[in-house]
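The values are calculated or read from the model by the stated rules, or taken from the named source; none is laboratory data. Everything numeric here is computed off the predicted structure, so don't read it as measured data. We place every Cβ from the backbone using ideal geometry, glycine too, and count neighbours over all the protein chains shown.
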Amino acid sequence: MQKSHQILAFTTARTSAKPKLSTAKRSYLGQARLIAACALAAGAVLVPGVARHGANAATITWTDSSGNHTWSDNANWSPTGTPTTTSDVIIGSPASAATPSLDDFSVTIANLTVNTSSELDVAANIDLDIGAGGTVTDNGTIKVNATGANSGTGIGITGAVLLTGSGNLVLNANSANLGTANIFNNGSSNLTQDTNHTISGTGEITVVTFNNNGTVNANSNGNTLLLQNTLNNTGTMEATSGGILELTGTTTNTGGTILASGGTVLLSGSSITGGTLTSASGSEIDAQANTTLGGVTISTGSNLKVLDSNNLYFASGSTITDNGTITINKGGSNNGTGIGIDGTVNLTGTGNLVLNANSANLGTANIFNNGSSNLTQDTNHTISG
């Protein structure tokens with residue numbers, strides 16, 4: 001993502017202003033970093049005025065000792081010196097330390113801890129990158145694009161990274177561009193969210209592999225939280241408060257739940273294997289763009305609807321346990337809509353698969369052959385319409 005001169009703020013208590021470095025100070029720091037880089041490349045051990053941590057991660061704590069709330073001031077950290085790629089950064093200890101402002105560059109760090117009741121704000125056009133093998137322990141709140149500006153903003157993941165703690169990482173994308181709040185691939189990314197942590201809001205998660213053991217909640221009214229690529233879910237991925245959770249990748253959902261509860265889940269060209277699809281009263285799960293289901297359970301009272309002009313596929317060799325309602329052709333339009341059967345499929349459960357064809361064309365709600373199809377409907381299941 002493009003880097004630019006903006007502000008990344010870690011907050012424990014809100015302040016009325018987030019000071020920025022003067023032009024002279026930014027110029028000085030830029031020159032100092034260039035000098036430091038050249039000196040280190042030449043084998044120098046110490047560059048005056050530039051802190052350097054060892055090869056092993058070292059703890060560095062925000063203190064705001066200078067009282068100027070400036071990230072780039074060495075005196076605002078303990079030990080003295082700004083964080084580097086090998087730093088374990090702690091925000092919120094002491095909790096009274098005022099808001100630090102990262103005022104002229106994006107950062108890469110090794111590990112991050114945000115303490116209870118503390119907050120980290122990643123401002124517009126800034127990337128916070130976590131290095132390979134890093135851990136983010138979030139017991140407070142992390143906000144990506146806190147103001148919702150229409151500028152690329154995100155958290156970059158390199159290699160395997162663990163997101164743990166009891167906090168909430170909030171994506172706050174501009175409604176015109178989901179990419180303005182993004183957890184993104186910064187190289188062979190494999191992000192694991194631990195059991196008690198939550199990712200919420202609106203934006204994108206585009207890491208190569210996302211392992212969710214906690215909660216992903218699309219809870220921004222009328223806005224989408226988009227998950228792409230490879231997903232392994234043993235926790236809960238849900239849409240609430242009018243939000244839209246859109247899944248486009250390959251999801252192994254064994255032991256997990258995909259839930260629409262006050263929002264809409266949109267399966268958009270995705271592949272879902274295992275686990276449970278659930279919708280609360282008044283909510284639904286919609287399928288479009290050739291989504292494939294295999295080995296899933298639709299829970300009692302839930303609604304799965306195939307959108308008009310789209311097809312849903314049941315994977316070869318799978319059992320679909322339907323204890324709710326599956327509707328083919330949600331709107332009853334005069335456009336071909338159906339469920340394709342690939343190989344041998346068993347349709348079981350106590351639910352109902354409803355064909356909702358347009359009266360002018362029976363083919364607009366069709367259970368059709370997608371290759372050597374052999375569909376068995378079990379004893380207690382119903383096909384109607």
Residue within the stretch 265-282 that is of a type in the set (V, I, T), out of contact with any Leu (no Cβ under 9 Å at 6 or more places or on another chain) and free of Cβ contacts under 8 Å to residues at least 60 places away in the same chain present: no
Filter pass, S166 being out of contact with any Asp or Glu (no Cβ under 7 Å at 6 or more places or on another chain), farther than 23 Å from N139 by Cβ and assigned to a loop (DSSP other than H, G, I, E, B): no
Residue list for the stretch 114-152, filter: among the hydrophobic types (A, V, I, L, M, F, W, C) and assigned to a strand (DSSP E or B): V114, L120, V122, L128, I130, V136, I142, V144
In the stretch 248-283, the residues that are of a type outside the set (G, A, S) and more than 20 Å from H197 (Cα to Cα): T248, T250, T264, V265, L266, L267, I272, T273, T276, L277, T278
Among residues of the stretch 83-101, those that are crowded, with 22+ Cβ neighbours inside 10 Å, modelled with pLDDT of 80 or more and among the hydroxyl-bearing types (S, T, Y), counted: 1
Whichever residue in the stretch 126-142 is buried (at least 21 other Cβ atoms within 10 Å of the Cβ) and of a type outside the set (D, E) and, among such residues, is farthest from T61 (Cα to Cα): I126
Residue within the stretch 219-237 that is under 22 Å from T108 (Cα atoms), assigned to a loop (DSSP other than H, G, I, E, B) and under 13 Å from the mean Cα position of the chain (by Cα) present: no
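Let me confirm something: among T273, T254, which residue is surrounded by fewer than 18 Cβ atoms within 10 Å (Cβ to Cβ), within 18 Å of I326 (Cβ to Cβ), more than 17 Å from the chain's Cα centre (by Cα) and of a type outside the set (F, W, Y)?
Working: T254 fails: within 18 Å of I326 (Cβ to Cβ).
Of T273, T254, the one residue that is surrounded by fewer than 18 Cβ atoms within 10 Å (Cβ to Cβ), within 18 Å of I326 (Cβ to Cβ), more than 17 Å from the chain's Cα centre (by Cα) and of a type outside the set (F, W, Y) is T273.
Conditions (1) buried (at least 23 other Cβ atoms within 10 Å of the Cβ); (2) in contact with a His (Cβ under 8 Å, 6 or more places away or on another chain); (3) on the phi > 0 side of the Ramachandran plot, marked per residue:
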position: L231; (1), (2), (3): yes, no, no
position: G243; (1), (2), (3): yes, no, no
position: G262; (1), (2), (3): no, no, yes
position: E284; (1), (2), (3): no, no, no
position: A287; (1), (2), (3): yes, no, no
Selection from the stretch 238-247 of residues that are touching a residue at least 24 places away in the same chain (Cβ under 8 Å) and part of a loop (DSSP other than H, G, I, E, B): G243
Selection status of G179, surrounded by fewer than 22 Cβ atoms within 10 Å (Cβ to Cβ), part of a loop (DSSP other than H, G, I, E, B) and at pLDDT 95 or above: no
Residue in the stretch 305-314 that is modelled with pLDDT of 95 or more, surrounded by fewer than 19 Cβ atoms within 10 Å (Cβ to Cβ) and farther than 24 Å from G249 by Cβ present: no
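Against the condition buried (at least 18 other Cβ atoms within 10 Å of the Cβ) and either part of a loop (DSSP other than H, G, I, E, B) or free of Cβ contacts under 8 Å to residues at least 60 places away in the same chain (or both), how does T300 come out, does it pass?
Considered against the rule, which asks whether it is buried (at least 18 other Cβ atoms within 10 Å of the Cβ) and either part of a loop (DSSP other than H, G, I, E, B) or free of Cβ contacts under 8 Å to residues at least 60 places away in the same chain (or both), T300 comes out as no.
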Residues being of a type in the set (S, T, N, Q), crowded, with 19+ Cβ neighbours inside 10 Å and in a loop (DSSP other than H, G, I, E, B) - total across the stretch 182-204: 2
Among (1) farther than 17 Å from L267 by Cα; (2) under 30 Å from the mean Cα position of the chain (by Cα); (3) of a type outside the set (F, W, Y) - the single one I341 does not satisfy: (2)
Residue match in the stretch 51-73 (condition: at pLDDT 70 or above, among the aliphatic types (A, V, I, L, M) and buried (at least 18 other Cβ atoms within 10 Å of the Cβ)): yes
